[in-house]
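Here's the structure we're looking at; comments come further down.
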Amino acid sequence: MKKYIKKNLSNKYPTKDITLDDKKNKLPLSTSKKSKKVIDIGNGITFGLKQIPIIAGPNGVESQKLMEDVAKCLVKNKIKIIRGHAYKPLTFPYRSAKYKESKSQGMDIMDKIKKNFGLKVVTEITEIRYLDRVCKTADILQIGSRNMQNLELLRECALTKKPLILKRHFGASLRDMLGAAEHILVEGNSKLILCERGVSIPHTHRDTSRFALDIQAIPALKELTNFPIISDPSHASFWAPWVPSLTLASIAAGCDGLILEIHKNPKKSAVDPLQPLNFRDFTKLLKTSRSVAKSIGKKI
């Protein structure tokens, strides 16, 4: 336990913003600027350099047919990472008749997609008891916003040594987020990707939007840390027509990657049908995104 002891640690002046004392004594690993952190997940995919990887797919693993259709769309557009969550926490305990977590069956589907299409897989981990099964398939573990401060889960995920996406909680400061990151880093896993996914504010500009994408968090985190910063416009806006604008803004702000929700038929999505892009709009957005990325010396 000695590695956790800090001689000058003080909690006399709690704050929501990050101080010099925080950087030195509370966030020494997450705010270290000694070297740029590059996360290499293989297949020519890196987070933290000039490349801006796209992670795309439906919210949940609804069926093998859907995941195959999504995979074909990604391969056609030269996107190499697919998302699909077999374990999916929702805001309320109630479920519609058409939705249920696919769990181990969903992970079996993702195994087939990975094998047949050569894609890397991002899957959310919600509980420690699912960790072994998820690790058999996932190339990147996603820790969702609701679990950002689930410290025991963070520790166990860190110990797998797999790359991790840590999503900012919608009510958390950057100080809170980096504090959670510190719990991962102190376990010796530096394969960390930080994700801005929208925050709660009094007005979200549309009655169906729950959060607002904090574009300012991207350059702010870049100032604080050398770990890659990615953006999730889909979950932030909860409204597909806004996703293209927020995607382009995220690229211009300097993000190191994007998570985009797509579905063959968004209206029939079992979860959050207002936010996925259909395949046509996704393809169109990729074309514009590549142009914006090129304008700032990056590529998708």
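The values are calculated or read from the model by the stated rules, or taken from the named source; none is laboratory data. Everything numeric here is computed off the predicted structure, so don't read it as measured data. Counting neighbours? That spans all protein chains shown, and the Cβs are built from the backbone with ideal geometry, glycine included.
If the Cβ limit is 7 Å and pairs must be 6+ apart or interchain, which residue in the stretch 131-152 that is crowded, with 19+ Cβ neighbours inside 10 Å pairs with which residue that is of a type in the set (Phe, Trp, Tyr)?
Ser145/Phe170
Tally the residues that are part of a helix (DSSP H, G or I) and in contact with a Ser or Thr (Cβ under 7 Å, 6 or more places away or on another chain), restricting the search to the stretch 262-297. Spell out how you get there, then give the answer.
In the first step, residues of the stretch 262-297 are kept if they are part of a helix (DSSP H, G or I); the result is 266-268, 279-295.
Add one more test, that the residue is in contact with a Ser or Thr (Cβ under 7 Å, 6 or more places away or on another chain), and what stays is 285, 289.
Final tally of qualifying residues: 2.
Take Lys78 and decide whether it is without any contact (Cβ under 8 Å) to a residue 12 or more places away in the chain, at positive phi and not hydroxyl-bearing (Ser, Thr, Tyr). Walk me through how you get there before you give the answer.
Values: without any contact (Cβ under 8 Å) to a residue 12 or more places away in the chain: yes; at positive phi: yes; not hydroxyl-bearing (Ser, Thr, Tyr): yes.
Judged against the criteria, Lys78 is a match.
Looking only at residues that are over 16 Å from the mean Cα position of the chain (by Cα), farther than 13 Å from Ile81 by Cα and of a type in the set (Gly, Ala, Ser) in the stretch 21-52, which one is surrounded by the fewest Cβ atoms within 10 Å (Cβ to Cβ)?
Taking the candidates together, the pick is Ser35.
Out of (1) within 22 Å of the chain's Cα centre (by Cα); (2) outside any strand (DSSP E or B); (3) at pLDDT 90 or above; (4) not aromatic (Phe, Trp, Tyr), the odd one out for Ile18 is which?
Answer for Ile18: the failing condition is (1).
Which ones in the stretch 252-266 are within 11 Å of the chain's Cα centre (by Cα) and among the aliphatic types (A, V, I, L, M)?
Within the stretch 252-266, Leu258, Ile259, Leu260 qualify.
Could you tell me which of the residues Val70, Val75 is surrounded by 24 or more Cβ atoms within 10 Å (Cβ to Cβ), of a type outside the set (Lys, Arg) and modelled with pLDDT of 90 or more?
Working: Val75 fails: surrounded by 24 or more Cβ atoms within 10 Å (Cβ to Cβ).
Going through Val70, Val75 in turn, just one is surrounded by 24 or more Cβ atoms within 10 Å (Cβ to Cβ), of a type outside the set (Lys, Arg) and modelled with pLDDT of 90 or more: Val70.
For the structure I just gave you, tell me whether Ile55 is in a strand (DSSP E or B) and either surrounded by 16 or more Cβ atoms within 10 Å (Cβ to Cβ) or touching an Asp or Glu at 6+ places or on another chain (Cβ under 7 Å) (or both). Can you show your working first?
Working: in a strand (DSSP E or B): yes; either surrounded by 16 or more Cβ atoms within 10 Å (Cβ to Cβ) or touching an Asp or Glu at 6+ places or on another chain (Cβ under 7 Å) (or both): yes.
Answer is yes for this residue.
Only one residue in Ile229, Ile193, Ile184, Ile262 is among the β-branched types (Val, Ile, Thr), in contact (Cβ under 8 Å) with a residue 60 or more places away in the chain, closer than 27 Å to Tyr87 by Cβ and in contact with a helix residue (DSSP H, G or I) (Cβ under 6 Å, 6 or more places away or on another chain). Which one? I'd like the intermediate steps shown before the answer.
Working: Ile229 fails: in contact (Cβ under 8 Å) with a residue 60 or more places away in the chain; Ile193 fails: in contact with a helix residue (DSSP H, G or I) (Cβ under 6 Å, 6 or more places away or on another chain); Ile184 fails: in contact (Cβ under 8 Å) with a residue 60 or more places away in the chain.
Unique residue meeting the criteria: Ile262.
Does Ile259 count as in a helix (DSSP H, G or I) and not polar (S, T, N, Q)?
On the way: in a helix (DSSP H, G or I): no; not polar (S, T, N, Q): yes.
No: the conditions fail for Ile259.
Taking Pro241 as meeting all but one of (1) in contact (Cβ under 8 Å) with a residue 24 or more places away in the chain; (2) more than 14 Å from Leu174 (Cβ to Cβ), write down the number of the exception.
It is condition (1) that Pro241 fails.
Can you name every one of the strands (runs of 3 or more DSSP E) wholly within the stretch 138-230 that holds 1 or more residues which are over 29 Å from Lys115 (Cα atoms)? If you could, list the steps in order and put the result at the bottom.
Details: elements: 140-143, 164-167, 192-196.
Filter on the stretch 138-230 gives 192-196.
Answer yes or no: is there a residue in the stretch 31-46 that is more than 29 Å from Gln275 (Cα to Cα), in contact with a helix residue (DSSP H, G or I) (Cβ under 7 Å, 6 or more places away or on another chain) and either part of a loop (DSSP other than H, G, I, E, B) or modelled with pLDDT of 95 or more (or both).
yes
Within the stretch 89-125, can you find the residues that are assigned to a loop (DSSP other than H, G, I, E, B), more than 16 Å from Asp69 (Cα to Cα) and modelled with pLDDT of 95 or more?
We begin by selecting, within the stretch 89-125, every residue assigned to a loop (DSSP other than H, G, I, E, B); these are 89-102, 118-119, 125.
Among the residues that remain, those that are also more than 16 Å from Asp69 (Cα to Cα) are: 89-102, 125.
Ile125 - this is the single residue of the stretch 89-125 that is assigned to a loop (DSSP other than H, G, I, E, B), more than 16 Å from Asp69 (Cα to Cα) and modelled with pLDDT of 95 or more.
Per-residue answers, yes or no, for (1) touching a residue at least 60 places away in the same chain (Cβ under 8 Å); (2) farther than 16 Å from Gly144 by Cβ:
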position: Gly84; (1), (2): no, no
position: Lys88; (1), (2): yes, no
position: Thr91; (1), (2): no, no
position: Glu101; (1), (2): no, no
position: Ser104; (1), (2): no, yes
position: Phe117; (1), (2): no, yes
position: Glu127; (1), (2): no, no
